[in-house]
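Taking it in order: structure first as structure tokens, then the write-up.
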Ligand SMILES: Cc1cc2nc3c(=O)[nH]c(=O)nc-3n(C[C@H](O)[C@H](O)[C@H](O)COP(=O)(O)O)c2cc1C
């Protein structure tokens, strides 16, 4: 079982920051993030994961409450300082293919891979919020299909850049006076629809070759993109049945790209709400939910449905059908919420609280034993290769997981007792990718020099 710790601010629950176990004033304090990563490393997690967006992101009507979305430090910088105080744990940061350039991003992750001795991972996102566009000179967000076309070309360019230095390109031969071996450094001369990049990169290939590539596309287009390149897929499912079907479908899709199941780790997000007894865990969940003001929950629900104004809606009645225009286009988050609304027919305020609390995915409420049972069952039944653990409150929820759930999994032989490898790839059981220029020397082109 592979485990990643989702370091989502003060925890994944929208009101988690108000709980006594949350470090609500520490979100710009690097010691907070370092200490979370050290806790996860104590629990032998494969990696930590930092989400990101490139905009001030509170939901309209919930600005006063927003802690999940902001403040948000730059993930790569946070991860680089975590690298300095940890030895084994992987460092997965989010960066957008819509708002970055491949050269600067490939360089940033190659740098992180070097300075962490092979622990970097990149969560590839195409970005979903309109206000991110407004920070990058655009009037409107690029449409879904165009974002994924750009993402595909972006990853292609990044891979060429990471391969533009072959292993052994740095000679550092003091006697002969040869620092580099130019025969092992190639231009990439990429010219596509979105990018024109000469290369090579100015950073040698990292210990892992490429950082581990992570993706979380849920739409049909997003899944196809993930199938083409992702080595880890983040996903979210309310129960084991849809998770199993998703994993089987992804294995089919990667086969179309000539890939076998060992090249992909599918990791659903899981929220553990842990108590000494089940009653304690249920009480914790109730306490957290009671910290969400109803108006905030309704605003959040409206935002997740695609910016629908629900302020005038009846709080005691089920969600009314959405206008046709709101159902257009691919929006997997909206569809998941609608599915939940249809299935459970909850009064609007209750549905909103549940969705705002982040429970469209799976939340396990129970003892450490209950959590271990369910995680183990998902892996054994083929629903997951591991999990992105998203405690509702940080740091408390991560500590409870590490001290409570991890030892149970270890005692059952379901989780490691020591790190197997030196790099994130090795711990996840992923191969170091071959270098395309080494495999196919005909591709090598002399770089332009001045
Ligand atoms: C565990 C998890 C973490 C995610 N992290 C981010 C993130 O940090 N930034 C982001 O813009 N989107 C994030 N997403 C959203 C996905 O990248 C993706 O946009 C979403 O699942 C919708 O899929 P689609 O793009 O195929 O429509 C995350 C999704 C999941 C399940």
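Each reported figure results from applying straightforward, stated rules to the coordinates on display, with no laboratory input. Please read these numbers as outputs of a predicted model, since none were measured by experiment. Positions of Cβ are generated from backbone atoms using ideal geometry, with glycine treated the same way; all protein chains shown enter the neighbour counts.
How are the C-alpha pair distances of region 155-304 spread across 10 Å bins, as whole percents from the shortest bin up? Binned Cα distances yield the sequence 9, 22, 23, 21, 14, 8, 3, 0.
From the P(r) of region 1-48, can you give the percent of Cα pairs sitting at distances over 19 Å? Summing the P(r) tail past 19 Å for region 1-48 gives 27 percent. Peptides 110-117, 291-298 ranked from most to least packed, by the mean per-residue count of other Cβ atoms within 10 Å: 110-117, 291-298. Ranked by the mean number of other Cβ atoms within 10 Å of their residues, highest first, the peptides 140-148, 6-14 fall in the order 6-14, 140-148. What whole-number distance in Å separates the alpha-carbon centres of region 336-359 and region 397-442? Here the two parts' Cα centres lie 35 Å apart.
Jot down the per residue volume, in cubic angstrom and as a whole number, of the convex hull over the alpha-carbon atoms of region 293-356.
71
Sorted on the mean count of surrounding Cβ atoms within 10 Å across their residues, most packed first, peptides 399-412, 250-263, 353-366, 301-314 read 353-366, 399-412, 301-314, 250-263. Residues 380, 324, arranged from fewest to most other Cβ atoms within 10 angstrom of their Cβ, appear as 324, 380. Between the Cα long axis of helix 332-344 and the first principal axis of the chain there is an angle of about 30°, rounded to the nearest 10. Percent of C-alpha pairs per 5 Å bin in region 277-407, short distances first: 2, 9, 17, 19, 17, 14, 12, 8, 3, 0, 0.
Extension gain, residue 262 to residue 57, is 70.2 nm, computed as 0.36 nm per intervening residue step minus the present C-alpha separation. Between region 365-380 and region 93-156, the C-alpha centres lie 34 angstrom from each other.
Using a simple spin-label model with pseudo-atoms 7 Å out from Cα toward Cβ, residue 403 and residue 252 lie 4.6 nm apart.
So what is the relative contact order for region 293-356, in percent, with contacts set as C-alpha pairs under 8 Å and at least six apart? Across region 293-356, relative contact order equals 52 percent. Note on residue 325/residue 280: beta-carbon distance plugged into 1/(1 + (r/R0)^6) with R0 of 51 Å gives a FRET efficiency of 0.65.
Note on region 1-100: Cα convex hull, mean projected area over all directions, 7.3 nm². For the pair residue 198 and residue 431, label points projected 7 Å from Cα toward Cβ lie 3.4 nm apart. Tell me, how many Å apart are the Cα centres for region 166-220 and for region 297-319? Using only Cα atoms, the two centres lie 48 Å from each other.
Working note: 222 nm ellipticity from helices only, DSSP H runs with n ≥ 4, each -39,500 (n - 2.57), summed and divided by the residues of the chain, gives -11000 deg cm²/dmol to the nearest 500. Computed over the alpha carbons of the chain, Rg followed by Dmax gives 22.4, 81 Å.
Suppose R0 equals 51 Å; then what is the FRET efficiency for residue 25 and residue 309 from their Cβ-Cβ distance, rounded to the nearest 0.05? With a Förster radius of 51 Å, E is 0.95. Here the label points at residue 294 and residue 140, each 7 Å from Cα along the C-beta direction, are separated by 3.7 nm in the simple model.
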